[in-house]
Protein chains: 4
Amino acid sequence: MHALVYHGPGEKSWEEVPKPTLQDDTDALVRVDTATICGTDLHILKGDVPAVTDGRILGHEAVGTVEEVGSAVKNVHVGDRVLVSCITACGACRYCREGSYGQCINGGGWILGHKIDGTQAEYVRVPFADTSTHPAPDGVTDEQLIMLADILPTGYEVGVLNGAVSPGDVVAVVGAGPIGLSSIMSARLFSPAHVVAIDLADSRLEAAKQFGADITVNNGSEDPLEVVAGLTDGLGADVAMEAVGVPATFDLATKLIRPGGRVANIGVHGEPVDLHLEELWIRNVTITTGLVDTYSTPTLLKLAANHQVEAERFVTHRFGLDDFMEAYDVFARPAETGALKVVLARS
Amino acid sequence: MHALVYHGPGEKSWEEVPKPTLQDDTDALVRVDTATICGTDLHILKGDVPAVTDGRILGHEAVGTVEEVGSAVKNVHVGDRVLVSCITACGACRYCREGSYGQCINGGGWILGHKIDGTQAEYVRVPFADTSTHPAPDGVTDEQLIMLADILPTGYEVGVLNGAVSPGDVVAVVGAGPIGLSSIMSARLFSPAHVVAIDLADSRLEAAKQFGADITVNNGSEDPLEVVAGLTDGLGADVAMEAVGVPATFDLATKLIRPGGRVANIGVHGEPVDLHLEELWIRNVTITTGLVDTYSTPTLLKLAANHQVEAERFVTHRFGLDDFMEAYDVFARPAETGALKVVLARS
Amino acid sequence: MHALVYHGPGEKSWEEVPKPTLQDDTDALVRVDTATICGTDLHILKGDVPAVTDGRILGHEAVGTVEEVGSAVKNVHVGDRVLVSCITACGACRYCREGSYGQCINGGGWILGHKIDGTQAEYVRVPFADTSTHPAPDGVTDEQLIMLADILPTGYEVGVLNGAVSPGDVVAVVGAGPIGLSSIMSARLFSPAHVVAIDLADSRLEAAKQFGADITVNNGSEDPLEVVAGLTDGLGADVAMEAVGVPATFDLATKLIRPGGRVANIGVHGEPVDLHLEELWIRNVTITTGLVDTYSTPTLLKLAANHQVEAERFVTHRFGLDDFMEAYDVFARPAETGALKVVLARS
Amino acid sequence: MHALVYHGPGEKSWEEVPKPTLQDDTDALVRVDTATICGTDLHILKGDVPAVTDGRILGHEAVGTVEEVGSAVKNVHVGDRVLVSCITACGACRYCREGSYGQCINGGGWILGHKIDGTQAEYVRVPFADTSTHPAPDGVTDEQLIMLADILPTGYEVGVLNGAVSPGDVVAVVGAGPIGLSSIMSARLFSPAHVVAIDLADSRLEAAKQFGADITVNNGSEDPLEVVAGLTDGLGADVAMEAVGVPATFDLATKLIRPGGRVANIGVHGEPVDLHLEELWIRNVTITTGLVDTYSTPTLLKLAANHQVEAERFVTHRFGLDDFMEAYDVFARPAETGALKVVLARS
């Protein structure tokens, strides 16, 4: 079969590789019908994730059809159309028992396209298939579904639920890339009074409006602290989400919140940040971090099937499954291409 | 009357000042029967709290007898024996309505011995008396009661409740000064499996054992990360509390916790800290900060009356109310004097 | 002035009475600009609430203008346009400190039009004015505001928040009168997948659709258990709200929920109900009851100002303040008049 | 092998039966080292549980040694000493994913000694072994462990956690049989101010004192409402637990609580109860029910290993594994024998 293979920093190719086979009796072999690329894949290609080594097939998001299952797989059957979650869960360890699948200590967590071969391929082996895939509901297209593999549960769990967004809240989202947009879209499920999107690119702020932000701030030219103060009698936001992953945006998020407010960090950080505890120690703030656990995927599936989450909005570009090299090129230059999420589908 | 008056960094005196009078109809005038000194008072004397200006009477903890009340005071009566909380609450603003009295935006919060004259005096004016004092229960001595003015609710709310200590948890407390000891004592209310006290002074670790730590670590000679790893299959503590207020101890607290764990910051910080988000972003951690709100004081009063919180254990030195200068001297040199809390009582 | 006075079961009149005066220094005297009638007032008129005695002015909902305040009132000023909450709160007792104002043990709770004279009058004395009124936000009409005096916080707190409605839930609301409609409307704030309204009157079910129910069931002709089973793989609703107040509807609510589900009772009951613990003991259910506390009124004010709660939808009939007798007549015959809420406004 | 076999109401025998074999690849075959009898077994013998049919081996509690495992079992190995939980969990269905194992819809829940053969035998087949057994920690005896198979998680989860017992609470426990005692013992983990045990038998009240009740009420001669009112300024208990399973005790529990209080039903009920909603609708109460889920077993194992839960206190009588007939006889006559829990161990 063909797959997108990583060959060290900056190097990748769409090449012939052996088709995967079952290795454990809890595995499923899934034919990939629809795949996508994540910002994390770009980080890997920069060499930022050293656990990914030469020869690894990338990708941790897929919708596909089950071709074969191990003897211990109970709930997934050959022919099933399934969502392959970005998080693999053993289902039995202390973390999995609490729904914290991303922290699985028994061989799961984020392993696809990271520690084992991933989904940017014609076929993928999915370990612990019973607890790491979801049956595709009727009436939800592959394009909608694949947004539930990573981006939507990440925005929803790590941003909205960790931030405890509630009706009437003022919510500030720092960064309006795909993850920020996912947070904005899913924050609306809890009826905040205002969702303020903050970014340096006007095009992203325009997208933020489409995804549910009622106020946008280009912090190259406008002071987001003033805007939020104006909405909150000078107190600050109830919730701020960091969806970029650099020190400056994290710092901004901690300054945006009111006493008693919450900062939900979603961004992937590569270096330490300054935390101004000399100001924050007295302000009753809560700061959360998190890799997605995907415990919310069943809920999001219901909402997508019900058209309450319009997952298809993320899709800006469509390709055939063979066109991964071109799709990466488009996805890696969003400022020029306007790409949010690119979808690759078997023809 | 006499009072302990601040005269700029390093300067204080026990001197004759005018007896306070009621200024607002919600005020009470309280005769101070028992007072104490807080670590925060030492910070003020170092000049770390610029809002405190020359001429201010210090102190935010007292047990006393009501001498006079304003016309709008409903629930506090002349002759009542009351606990004066370190936090003053208007009772009507959005923060007070949620029990977040420390963040009162209507003239309350931490004001005694800070923005208005405090309790280290023969008499003190207490604003918003109905919502800022607590009736003293029978059977609780002044010495026990005064530990509920600040130190016990601080350890309980900002450490134990923010940290969500639960039965079976492994709890690490960094810093075994009075606030750390208060956290250790009140953590025991939730039956953790282990409370690990970490400090550089063996004398404080000895005290920690008396207050409920079952494991002590002198981190001058022993690695607390190893000790906690040994208790937790290498995962880390469920909860870590920072009870010192310097960058190194905060950093240690964030390293001590397991994935999914909680860091409750209690320490008063004077400078920014490095937060290692490059490691923490993926670990599902929660970090909280807080000034005490004293919403838990009624609960602690019940527990003290019931001898479930042995508040009197903190008291190492006793003085007359006139002996503030000496009491400060003893309290400021704990390494030599062994002082935890000093109590000054009207004779 | 004139007021609507209760004269024993079945008897009321709009008559000349003395204008109220301040009795306590925390009172405000409010000129009633807009009033309404509650289903509870009809209960009183039937004699169901014996605490209401001959001579009592009815009514516990008003929007008005402050005419005079007692000397201890701090935050409410003469000339302020205010919402008079159905619940009066002392602000200092243990229940008020926890936001449970409806259970105030210090002279508050539901007292207006019950234990003291109420709001169906040209003027009303409001005790504990600082904690029992809310400033009217700009851009919210009197008609919208008055729906926040009782009906909307009741549906939101006692139905939706007690029921813990969450995104993706299937919510069943038994009874589509004004309180049921309020619950349906406010349930939508949390993005449930389905809101199923159940009633015997098609006209009410038609209204339920307008207020946000996507499925309606006339349980005279259709089996709501089957409908809900069909939506939930046979499991039952996540949340069921009882908004009628008779044994049969409560029983239905307990049968509608899935294992692990919640029943939020909102209805005012006059007799015991059979609780089928022989079936429910094993099903992990939660049943809640509650008088509204109105702790959510500030949130609802934000949502109304932001047009996220369309409070004005309840208003079906409008009258002058003098027309209380006619308004009662219309409100008491909803099957014929189609009345949901009637509004009486000073001309 | 031998097993205790049910032969219809009133009939049982210790008889020769075939040794169980693995049926599914997720099964484990466990040699029973220690077993016990539950109050539910007596209900079965009365014919109250019609799902249990002639020929069924009873029992849902065991400590044993793994003899054989199916090919899909990953975490349990031959030779392991394990606790067999009363609840079997598939680990993959929507309920198991939320830790609500008792409600498993995929073949688990309470099945041992109910829908399949149970643990009162020399060997037992345990389905879904990975998620239905717990490794026995060092330093915990079989006698201690077996109390964690059912009785302790039931009291802790269904009584204490559902009731949300908190420091300083007044907790009333109606019924001081084994389940009531388990609730009393585990309530102490949260440092309530008072635990009031209520029963008709003085011997049980005496036991209640040993297990942590500080106040006991024989409600044949004393009014528990008065006792609780005296402890709570007339308000009522914060939490009441029903641990009997008859209408009168449930009614008492609902009368014992204060406004805003919680009733946690633990008892197994055979008939409907009168719920006095005409009094309770206005009192903000919460009523919970539940079959145990055993999600707390890992926590209880830590507490038992740490001697914070003294599980061995329940054991009043010890037998050999062959002595089931005698053990049933002793357990069924607690008033005469003083039996709390009987333990049967392989010699």
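The values are calculated or read from the model by the stated rules, or taken from the named source; none is laboratory data. This one's a predicted model, so the numbers in the text were calculated from it and none came from an experiment. Note that each Cβ is placed from the backbone with ideal geometry, even for glycine, and that neighbours are counted across all protein chains shown. These accessible areas exclude ligands, DNA and RNA; they are computed on the full protein's heavy atoms, side chains included. Shrake-Rupley method; radii C 1.70, N 1.55, O 1.52, S 1.80 Å.
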When you look at A:Ile282, is it within 25 Å of A:Asp150 (Cα to Cα) and either modelled with pLDDT of 95 or more or open to solvent by 10 Å² or more (accessible area, probe 1.4 Å) (or both), yes or no?
no
C:Ala201 - would you say it is buried (at least 24 other Cβ atoms within 10 Å of the Cβ), aliphatic (A, V, I, L, M), out of contact with any Asp or Glu (no Cβ under 7 Å at 6 or more places or on another chain) and touching a residue at least 24 places away in the same chain (Cβ under 8 Å)?
no
Scan (1) within 14 Å of chain B (Cβ to nearest Cβ); (2) in contact with a strand residue (DSSP E or B) (Cβ under 6 Å, 6 or more places away or on another chain) for the single condition A:Leu321 breaks and write down its number.
(1)
For the stretch D:147-173, which residues satisfy the criterion of being more than 13 Å from the chain's Cα centre (by Cα) and away from every other protein chain (no Cβ under 14 Å)?
D:Ala172, D:Val173
Of a type in the set (A, V, I, L, M, F, W, C) and open to solvent by less than 10 Å² (accessible area, probe 1.4 Å): does that describe D:Leu161?
no
Hey, can you tell me all the residues within the stretch B:128-150 that are open to solvent by less than 10 Å² (accessible area, probe 1.4 Å) and part of a helix (DSSP H, G or I)?
B:Ala129, B:Ser132, B:Leu145, B:Ile146
Quick one: D:Ala51 ticks every box in (1) among the aliphatic types (A, V, I, L, M); (2) more than 21 Å from D:Leu148 (Cα to Cα); (3) surrounded by 23 or more Cβ atoms within 10 Å (Cβ to Cβ) except a single one, so which number is it?
(3)
Criterion: out of contact with any Leu (no Cβ under 9 Å at 6 or more places or on another chain) and basic (Lys, Arg) - qualifying residue of A:Lys209, A:Lys255
A:Lys209
Select, from D:Thr297, D:Thr254, D:Thr288, the only residue that is farther than 27 Å from D:Tyr101 by Cβ and either of a type outside the set (D, E, K, R) or at the interface with chain C (Cβ under 10 Å from one of its Cβ atoms) (or both).
D:Thr254
Give the residues of the stretch A:288-318 that are open to solvent by less than 30 Å² (accessible area, probe 1.4 Å) and either in a loop (DSSP other than H, G, I, E, B) or out of contact with any Pro (no Cβ under 7 Å at 6 or more places or on another chain) (or both), sorted by residue number.
A:Thr288, A:Thr289, A:Gly290, A:Leu291, A:Val292, A:Asp293, A:Thr294, A:Ser296, A:Ala304, A:Val309, A:Ala311, A:Val315
If I filter the stretch B:52-72 for residues that are charged (D, E, K, R), over 24 Å from B:Glu312 (Cβ atoms) and in contact with a Leu (Cβ under 8 Å, 6 or more places away or on another chain), do I get at least one hit?
yes
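Do we have B:Glu222 as of a type in the set (Asp, Glu), in a helix (DSSP H, G or I) and away from every other protein chain (no Cβ under 14 Å) here?
On the way: of a type in the set (Asp, Glu): yes; in a helix (DSSP H, G or I): no; away from every other protein chain (no Cβ under 14 Å): yes.
The answer is no for B:Glu222.
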With the structure loaded, tell me whether D:Val239 is under 22 Å from D:Gln210 (Cβ atoms), in a strand (DSSP E or B) and assigned by TED's automatic domain parsing to the domain that holds D:Leu189 or whether it fails that test.
yes
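If you check C:Val273 against the conditions, is it of a type outside the set (Ser, Thr, Tyr), open to solvent by 20 Å² or more (accessible area, probe 1.4 Å), within 11 Å of chain D (Cβ to nearest Cβ) and within 23 Å of C:Ile44 (Cβ to Cβ)?
no
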Take A:Ala89 and decide whether it is under 29 Å from B:Asp169 (Cβ atoms), open to solvent by less than 10 Å² (accessible area, probe 1.4 Å) and not acidic (Asp, Glu).
yes
Considering only the stretch A:155-187, state which residues are closer than 16 Å to A:Gly261 by Cα and among the small types (Gly, Ala, Ser).
A:Gly159, A:Gly163, A:Ala164, A:Ser166, A:Gly168, A:Ala172, A:Ala187
Within the stretch D:28-127, strands (runs of 3 or more DSSP E) holding 1 or more residues that are away from chain A (no Cβ under 14 Å) and of a type in the set (Phe, Trp, Tyr)
D:123-126
For the stretch C:195-202, indicate whether the set of residues that are closer than 15 Å to C:Gly338 by Cα and in a helix (DSSP H, G or I) is non-empty.
yes
Out of A:Thr249, A:Thr216, which single residue is part of a strand (DSSP E or B), more than 14 Å from chain C (Cβ to nearest Cβ) and either open to solvent by 10 Å² or more (accessible area, probe 1.4 Å) or of a type in the set (Lys, Arg) (or both)?
A:Thr216
Taking the stretch A:69-104 and keeping residues among the aliphatic types (A, V, I, L, M) and more than 25 Å from the chain's Cα centre (by Cα) leaves A:Val69, A:Ala72, A:Val73, A:Val78
Filtered residues of the stretch C:260-270 (kept if open to solvent by 20 Å² or more (accessible area, probe 1.4 Å), at pLDDT 95 or above and within 7 Å of chain D (Cβ to nearest Cβ)):
C:Gly260
Restricting to the stretch C:253-281, what's the tally of residues that are under 21 Å from C:Ala229 (Cβ atoms), more than 27 Å from the chain's Cα centre (by Cα) and among the hydrophobic types (A, V, I, L, M, F, W, C)?
1
Filter result for D:Leu235 (out of contact with any His (no Cβ under 9 Å at 6 or more places or on another chain), over 26 Å from D:Val309 (Cα atoms) and of a type in the set (A, V, I, L, M, F, W, C)):
yes
Restricted to the stretch C:319-342 and to residues being assigned to a loop (DSSP other than H, G, I, E, B) and touching a residue at least 40 places away in the same chain (Cβ under 8 Å), the residue farthest from A:Val171 (Cα to Cα) is C:Gly338
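Report yes if C:Asp199 is under 18 Å from C:Leu252 (Cβ atoms), more than 14 Å from chain A (Cβ to nearest Cβ) and modelled with pLDDT of 95 or more, otherwise no.
Spelling it out, C:Asp199 is indeed under 18 Å from C:Leu252 (Cβ atoms), more than 14 Å from chain A (Cβ to nearest Cβ) and modelled with pLDDT of 95 or more.
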The condition from (1) farther than 21 Å from D:Ile266 by Cα; (2) not in a strand (DSSP E or B) that D:Trp14 misses is numbered (2)
Are there any pairs, at least 6 apart or on different chains, whose C-beta atoms fall under 6 Å, with the first in the stretch B:31-56 and at pLDDT 95 or above and the second of a type in the set (Asp, Glu) and open to solvent by 60 Å² or more (accessible area, probe 1.4 Å), and if so, which?
B:Arg31/B:Glu67
